[in-house]
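Peer 1: Got a structure for you, written out below as structure tokens; questions coming shortly.
Read-outs: derived from the displayed coordinates by stated rules, not from any lab. Predicted model only: the values in this text are computed from it and were never measured. Here the Cβ positions follow ideal geometry from the backbone for every residue, glycine too, while neighbour counts run over all protein chains shown.
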Amino acid sequence: MTLLRTFAVTGLLLAVAAPAAAQTAAIRVDHPWSRATPAGATAGAAYMTIENAGNAEDRLTGVSSDVAAATELHEMKMADGVMKMRAVTEGLVVPAHGSVALKPGGYHVMLVGLKKPLKAGETLVLTLDFAKAGKVEVSAPVMDMTSTGPKMDHMKMH
Ligand SMILES: [Cu+2]
């Protein structure tokens, strides 16, 4: 009895400790941002660049947030001359020593069933779930409706 209990407790501690250590080692999220939504909109999107400094590929398997009923990974792609959007259910691979960009017209985090419109100046908290790195929390500033991302806005200031 006592021995079994010891094993159970040890297993639990390992499960909690492992992802946190891996997260700082390899995955970095750059320039997370979102875009303000018009009144009455039920969906929004968030973008970012995910960098992997590690020697092994990782995979973004899911995203969660409390601003929407569901948070999904999507891809926009031209197919037969039509822009199509699909849910990325297999996860998004971040190659070893590489990066993957989530940006308008490509991969994005889709916020489905917004609880309220996203307003410029607010900040969204997203929790990214990686196969190896575990959970990574990011804060994404909401930019105005015409914004194409933090870098473009930065260029406009010069
Ligand atoms: Cu989408």
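Peer 1: Amide H neighbours of Y107 under 5 Å, at least 5 residues apart or on other chains, H built in the peptide plane: list them.
Peer 2: Residues meeting the criterion, in which the H sits 1.01 Å from N, are M76.
Peer 1: While we're looking at this one, here's another question. Only residues of the range 87-110 count here: report those whose backbone N is under 20 Å from the spot 7 Å along Cα→Cβ of A41, or say none.
Peer 2: Residues passing the 20 Å test: 87-88, 102-110.
Peer 1: Here's another thing I want to ask about it. So what J values fall out for the range 78-90 if you push phi through Karplus, 6.51 cos²θ - 1.76 cosθ + 1.60 with θ = phi - 60°, rounded to Hz, Gly and Pro as x?
Peer 2: So the J values, rounded to whole Hz, are 7, 9, 6, x, 10, 6, 10, 10, 9, 7, 8, 8, 8.
Peer 1: Amide H neighbours of R59 under 5 Å, counting only residues 5+ apart in sequence or on other chains, H built in-plane at 1.01 Å?
Peer 2: V94, A131, K132, A133
Peer 1: Take D66 and T49, extend 7 Å from each Cα along the Cα→Cβ direction, and tell me the distance between the two endpoints in nm.
Peer 2: So the label points at D66 and T49 sit 3.1 nm apart.
Peer 1: Regarding the range 41-152, what whole-number volume in Å³ per residue does the convex hull of its Cα atoms give?
Peer 2: 120
Peer 1: For the range 57-121, just run the numbers: alpha carbon Rg, then divide by 2.2 N^0.38 Å, N being how many residues it has.
Peer 2: That ratio works out to 1.25.
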